[in-house]
Amino acid sequence: TPRPAGVRRLFVDHDWCEDAPVYDGETLGPGPVIDGPAVIQYRFTTLVLRGGDRVHVLPNGDALVDIAPLRST
């Protein structure tokens, strides 16, 4: 199971998430799924996951993001 490098306050889904996990994307290996809300930081990009979004890290290191349907406001 991936371990977060920390937590942060994140505004997502029209509300504040006080303890969203933050992952170091460079250290993630293939296998487990990361569910949002969460942040995955890479050297050159950052993924912000909303609630319901899921990330699968592929064997080549790419992140495959399954995006949850948008909720109406």
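The values are calculated or read from the model by the stated rules, or taken from the named source; none is laboratory data. Everything numeric here is computed off the predicted structure, so don't read it as measured data. Note: ideal-geometry Cβ built from the backbone for every residue, glycine included; neighbour counts use all protein chains shown. SASA here: full protein model, heavy atoms, side chains in, ligands and nucleic acids out. Shrake-Rupley method; radii C 1.70, N 1.55, O 1.52, S 1.80 Å.
Worth pointing out:
- With Cα atoms as the point set, the radius of gyration and Dmax of the chain evaluate to 12.0, 37 Å.
- Spin-label pair residue 67/residue 26, simplified geometry with 7 Å Cα→Cβ offset, distance in nm: 2.8
- Amide H contacts under 5 Å for residue 52: 36, restricted to partners 5 or more places along the chain or on a different chain, H placed in the peptide plane at 1.01 Å from N.
- From phi via Karplus (6.51, -1.76, 1.60), per-residue ³J(HN,Hα) for region 29-39 in Hz, x at Gly/Pro: x, x, x, x, 8, 10, 9, x, x, 6, 10
- For the chain, accessible area per residue (1.4 Å probe, heavy atoms of protein chains only), Å²: 70
- In this structure the amide hydrogen of residue 23, modeled in the peptide plane, comes within under 5 Å of the amide hydrogens of 5, 39, 40, 41, none closer than 5 places in sequence on its chain.
- Accessible-area composition of the chain, carbon plus sulfur, in percent [1.4 Å probe]: 52
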